[in-house]
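**Student:** Supplied in structure tokens, the structure appears directly below.
The values are calculated or read from the model by the stated rules, or taken from the named source; none is laboratory data. Note that the coordinates shown come from a computational prediction; the quantities given were computed from them, not determined experimentally. Glycine gets a Cβ as well: all are built from the backbone with ideal geometry, and neighbour counts include every protein chain shown.
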């Protein structure tokens, strides 16, 4: 039991192993995108030197593969922009750019039938993600962190199949789902309620992000608690994305391809030559909504700081000096009660049994800092030569 915030820098490292954190990224990354934020945020998993990305699991829900998702389910809404499939192409592009061979697999397209569902009856192609999680855990000499930015069904099914392995090899699950303190069915919970119930009733170590109270709603987005300026929500807005133009050329092309919903079949060669500027000109002038930054700051062990000159940066601890002011980006002990429908309640506690929840302090100060620090971080990313 712990009485302190979860410390991202305290990692069990065996012998002379690298201090990089082994991570499995579970994401509802599609191609063409459903939410371009998924394409944007997974860059951090590849580019942050503190992260050892071991596997990517693509979460896909069948209604969103259709020309129009007429009935995606309670808590979800249709997307009229046309059909899409799991985002293998963005992962291949990133492997190409970073000269990596990060394995990737897709999870089940259908929802769990109960919190105990092992999902062994889904088609073999859709078993990939579950099996990849289990293989990655089995092969790792040290505990692995799992970051879930989608439904939790592949992780829940993996736990149901091999609970002892998961208990032994999962360091922490960062769960980006839910809205504590209300009856709002947040998007990632609505994607698979049984999966959320399974994990939150398990004994696995879980940190809850995007835990919104529903207060201080973003007036530009009356779509629910996920758009809340709450101390415990990760949501914030960039006024535009013009900074992408200053990123390393291949990374900029990767984002141009994604944000422009480009469907050229030479998707690797597109990373070696500039795409037409008009493909993304309008999108880069728009307000951009972001949720995942806090997870990657915490997983990397970095600090969000205000420097003496008033600028903000996301820095490794060794680069933080005595004049820097560290801004909150912490996980606090808590207990969680989850209902059968996936709605849960979080209560801060002095001690915890494997449950934490995110706290950023003043959400407006957090947004001001990230609007300055995020562009600097992304412009510093360098892929392999």
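**Student:** Within region 223-242, which residues are surrounded by fewer than 16 Cβ atoms within 10 Å (Cβ to Cβ) and assigned to a helix (DSSP H, G or I)?
**Tutor:** Across region 223-242, the qualifying residue is only 242.
**Student:** Tell me whether region 71-85 contains one or more residues that are modelled with pLDDT of 95 or more, in contact with a strand residue (DSSP E or B) (Cβ under 8 Å, 6 or more places away or on another chain) and under 23 Å from residue 271 (Cβ atoms).
**Tutor:** no
**Student:** Here's a follow-up. Residue 252 versus (1) at pLDDT below 95; (2) under 24 Å from residue 32 (Cα atoms): which is the lone unmet condition?
**Tutor:** It fails just one condition, (1).
**Student:** Looking only at region 99-116, filter to residues that are farther than 12 Å from residue 152 by Cβ and over 21 Å from the mean Cα position of the chain (by Cα); which one of those is surrounded by the most Cβ atoms within 10 Å (Cβ to Cβ)?
**Tutor:** Selected residue: 116.
**Student:** So which residues in region 171-191 are buried (at least 22 other Cβ atoms within 10 Å of the Cβ) and modelled with pLDDT of 95 or more?
**Tutor:** 172, 173, 174, 175
**Student:** When region 166-182 is examined, which residues are found to be assigned to a helix (DSSP H, G or I) and more than 21 Å from residue 114 (Cβ to Cβ)?
**Tutor:** Scanning region 166-182 gives 168, 169.
**Student:** Here's another thing I want to ask about it. Which of the residues that make up region 156-165 are in a helix (DSSP H, G or I) and either in contact with a helix residue (DSSP H, G or I) (Cβ under 8 Å, 6 or more places away or on another chain) or within 23 Å of residue 331 (Cβ to Cβ) (or both)?
**Tutor:** If the condition is that a residue be in a helix (DSSP H, G or I) and either in contact with a helix residue (DSSP H, G or I) (Cβ under 8 Å, 6 or more places away or on another chain) or within 23 Å of residue 331 (Cβ to Cβ) (or both), then 156, 157, 158, 159, 160, 161, 165 are the ones that fit.
**Student:** Same structure, new question: Name the one entry in 8, 45, 14 that is crowded, with 18+ Cβ neighbours inside 10 Å and modelled with pLDDT under 60.
**Tutor:** Being crowded, with 18+ Cβ neighbours inside 10 Å and modelled with pLDDT under 60 holds for just one of 8, 45, 14, which is 8.
**Student:** So which pairs qualify, if the first residue must be in region 100-123 and under 18 Å from residue 199 (Cβ atoms), the second must be modelled with pLDDT of 95 or more and part of a strand (DSSP E or B), the Cβ gap must be under 9 Å, and the two must be at least 6 apart or on different chains?
**Tutor:** Matching pairs, first to second residue: 107/26; 107/57; 107/58.
**Student:** Condition check: farther than 18 Å from residue 41 by Cβ and within 22 Å of the chain's Cα centre (by Cα). Does residue 337 satisfy that?
**Tutor:** no
**Student:** Moving to a separate point now. What about residue 336, is it at pLDDT 95 or above and either within 25 Å of residue 48 (Cβ to Cβ) or in contact with a helix residue (DSSP H, G or I) (Cβ under 8 Å, 6 or more places away or on another chain) (or both)?
**Tutor:** no
**Student:** Is one or more of the residues making up region 203-213 more than 17 Å from residue 331 (Cβ to Cβ) and at pLDDT 95 or above?
**Tutor:** yes
**Student:** Also: Inspect region 366-375 for any residue being more than 19 Å from the chain's Cα centre (by Cα) and surrounded by 22 or more Cβ atoms within 10 Å (Cβ to Cβ) and give the result as yes or no.
**Tutor:** yes
**Student:** Return the only residue of 347, 369 being modelled with pLDDT of 95 or more and closer than 20 Å to residue 230 by Cα.
**Tutor:** Residue meeting the stated conditions: 369.
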